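Colleague: This structure is in structure tokens; I'll ask about it shortly.
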Amino acid sequence: MMMQRFVDGVLAVAKESVKTFTYESLNNIVRLINGISALLLAILPGKAIILEGIHGWELRPTFGGPRFPRWMEHGVSSFNRFVHELSVDSEPSSMDYSSGEEEDIDGITPASPSSNCSRVSRASSFTKYERHRTGWIISILSWILFPAKFLLGIPFYIGRLSCTRGSKAPSTCHRPFQLHSSIRRVHTTKDHVVHCTTDRRRGVIEDLHLAIEIFIETIFDFFHKAAHFLLSPSEALRMSWRWFSSDKNDTEVIHRDVYDASVHTDTLGENDPSVSERKSTFHHVMNTDARTCQDVITELGYPYEAIRVETSDGYVLLLERIPRRDARKAVYLQHGILDSSMGWVSNGVVGSPAFAAYDQGYDVFLGNFRGLVSREHVNKDISSRRYWKYSINEHGTEDIPAMIEKIHEIKTSELKISQPDVKEEINEAQPYKLCAICHSLGGAAILMYVITCRIEEKPHRLSRLILLSPAGFHDDSTLVFTVAEYLFLVSAPILAYIVPAFYIPTKFFRMLLNKLARDFHNYPAVGGLVQTLMSYVVGGDSSNWVGVLGLPHYNMNDMPGVSFRVAHHLAQMKHTGKFRMFDYGSVRENMEVYGSPEPVDLGEYYRFIDIPVDLVAGRKDKVIRPSMVRKHYRLMKDSGVDVSYNEFEYAHLDFTFSHREELLAYVMSRLLLVEPDPKRQVSQKALKLKKKEQIESS
């Protein structure tokens, strides 16, 4: 017995020493990288201007004396404490091991939006210790240690690994996964910021920390079991018998708890705003954030509807909706390049245009262009080269028409049911007003859509356009874009066949990007350096490019890409200085598509725009400079278009990804300028008076 205690003590000391050495070595390496990044950031020219527009980044170092890591505060390390600490989202510098008391995450009522954000982030990890997110590591280790498991009867699964030997708190070990209570906290506590709502992601460094802890714990547990077997063979045989008789059942219970949980979600339905129950499968085994626009909308308590739209050339698009089925005013929001509908809801309830429009009584539709890694198409076997063979033309003449026609079909059908007086007017006029808010590439595509509809004498069904830094004219740009322009124009005949699009093709590298975005957030100097370098690539634009990379639609399962033809089309526009449709490179092809040897110059047809247009530019925007937005304005003004122009002190991505109350107020004020038809208002009043007279006479 004394020998067993001696061996246990030696193994415990050795384990803690190895864990401390490896853990601190990794921390020192990370600190070195962060320090070098800070040094490079200090000597880079123009960094102050580039980083000026970033919000939420603290680049100032925090000085303090040396201290123990948080997992060694009580004199000895604890694997349980480490995993618990790792599962708690902290401030942006989450690996700053500052001292302080730990908050109890159970039974606390949020006192403010900031505390609310942090607690929701912790609860949203779905389990208190988040061990099921390391299932892939455990699976590998279990196969490596299978001989020992078979011979010694080691019950190797993460549920039992969570309860270290000699624990004095059995209440924390009797149930490895506390899913249901955590999930209820997620969905009953609302938050204003999407990044804090349910970000379950872990960075590469955090995963490495956890993997090292698990590996060391497992190795020493093996030696402990082996020593125990040699010193107490009878007890080892009893443990082996218990494992053979109960391991199968325990494993099934754990898998059932982790992968088949009933999640209670609050939904705002049309007739029954009650609590509904849905089945969810948690498959974030790589600790990545794969939330969708639907997750963000529903978690913030708004209704949601997904609509599949098929274009005439076979592409399947996702039109998302925050529905107000009886509303006579609707808004259509269209994202820009390398973006998705997520951009319109990324600032949560307070700062997102989609939620602001819904709160003002609008039926909100969120469009998504073609161009995802998943390659959604009616032809499931479509090749990559064929799928990505499209330019901005297809965005404006295929994607937007399909989505707006679907909106028209839905609204007219619903208004017939909810408002009977519409039936008499349905053949005379459109029974609703539809406005469009578009950013960057979405602005160029919506202008193309309106003009081509008017040329072909088709209804475009829009009542107003609000264009935020719209693309189209690009001749005034930085040296970086000029070099890229000539590179595309010269190499297009060759690269078009070799590189159909610019995207990350494999899940591993998409997962790596998703995790690195979290590391950039945790280590401000590294994130600041990456932000600065990316800003140089886009001409010095001060948008929070690294922050945007952290959005959920850049995940391991899917993410937006850019077709080579779209990039080539933008290079053509910049080279010619005109807002033109795609030049196919030969007179014959252009004649087949346009009926002329040259592509259609859309700027010459601005006189066909028959609805009000509001143009918004950013003074700090280096991607689409204010001079290029003013070029749109001058041409429209000369063509007699009812157009307005405004500038804000913003960079390119600030129009969608930053919480800008001034911009949001301006956009909403332009939306509210659209009123229902006076004729329809008169008819509604007449109908109400007629009903009133009938009631009085009866």
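Colleague: Which number in (1) in contact (Cβ under 8 Å) with a residue 60 or more places away in the chain; (2) assigned to a strand (DSSP E or B); (3) in contact with a Phe, Trp or Tyr (Cβ under 7 Å, 6 or more places away or on another chain) marks the one condition that TYR645 misses?
Modeller: It is condition (1) that TYR645 fails.
Colleague: Residues SER596, SER543: which one is among the polar types (S, T, N, Q), buried (at least 22 other Cβ atoms within 10 Å of the Cβ) and in a loop (DSSP other than H, G, I, E, B)?
Modeller: Checking each option against the conditions leaves just SER543.
Colleague: Moving on. Tally time: how many residues in the range 371-408 are surrounded by fewer than 23 Cβ atoms within 10 Å (Cβ to Cβ) and within 22 Å of the chain's Cα centre (by Cα)?
Modeller: Number satisfying all stated conditions: 5.
Colleague: Is at least one residue of the range 27-35 touching a Ser or Thr at 6+ places or on another chain (Cβ under 6 Å) and touching a residue at least 60 places away in the same chain (Cβ under 8 Å)?
Modeller: Checked the range 27-35: no residue is touching a Ser or Thr at 6+ places or on another chain (Cβ under 6 Å) and touching a residue at least 60 places away in the same chain (Cβ under 8 Å).
Colleague: What residue, among those in the range 271-311 that are assigned to a loop (DSSP other than H, G, I, E, B), farther than 24 Å from MET556 by Cα and not hydroxyl-bearing (Ser, Thr, Tyr), is modelled with the lowest pLDDT?
Modeller: PRO273
Colleague: Being more than 22 Å from VAL566 (Cβ to Cβ) and out of contact with any strand residue (DSSP E or B) (no Cβ under 9 Å at 6 or more places or on another chain) is the filter here; which residues of the range 293-346 pass it?
Modeller: If the condition is that a residue be more than 22 Å from VAL566 (Cβ to Cβ) and out of contact with any strand residue (DSSP E or B) (no Cβ under 9 Å at 6 or more places or on another chain), then ASP295, VAL296, LEU300, SER346 are the ones that fit.
Colleague: Just for the range 200-253: of the residues that are assigned to a helix (DSSP H, G or I) and of a type in the set (Ser, Thr, Tyr), which one is modelled with the lowest pLDDT?
Modeller: THR251
Colleague: On to the next question. For residues in the range 573-593 being in contact (Cβ under 8 Å) with a residue 60 or more places away in the chain and within 21 Å of PHE369 (Cα to Cα), which is surrounded by the fewest Cβ atoms within 10 Å (Cβ to Cβ)?
Modeller: So the residue we want is PHE582.
Colleague: In the range 337-354, is there at least one residue being in the same structural domain as LEU415 (by TED's automatic domain parsing), polar (S, T, N, Q), touching a residue at least 12 places away in the same chain (Cβ under 8 Å) and surrounded by fewer than 22 Cβ atoms within 10 Å (Cβ to Cβ)?
Modeller: No, the range 337-354 contains no residue that is in the same structural domain as LEU415 (by TED's automatic domain parsing), polar (S, T, N, Q), touching a residue at least 12 places away in the same chain (Cβ under 8 Å) and surrounded by fewer than 22 Cβ atoms within 10 Å (Cβ to Cβ).
Colleague: Given the criteria under 25 Å from LYS458 (Cβ atoms) and aromatic (Phe, Trp, Tyr), does TYR554 qualify?
Modeller: It is false that TYR554 is under 25 Å from LYS458 (Cβ atoms) and aromatic (Phe, Trp, Tyr).
Colleague: Of the residues VAL349, VAL331, only one is modelled with pLDDT of 95 or more and more than 21 Å from MET559 (Cβ to Cβ); which?
Modeller: That would be VAL331, the only listed residue that is modelled with pLDDT of 95 or more and more than 21 Å from MET559 (Cβ to Cβ).
Colleague: Next up: Has the range 510-527 got at least one residue that is in contact (Cβ under 8 Å) with a residue 40 or more places away in the chain and over 21 Å from the mean Cα position of the chain (by Cα)?
Modeller: yes
The values are calculated or read from the model by the stated rules, or taken from the named source; none is laboratory data. In this text the structure is predicted, and so the values were computed from the model without any measurement. Neighbour counts are summed over all protein chains in view; Cβ atoms, including those assigned to glycine, are modelled from backbone coordinates with ideal geometry.
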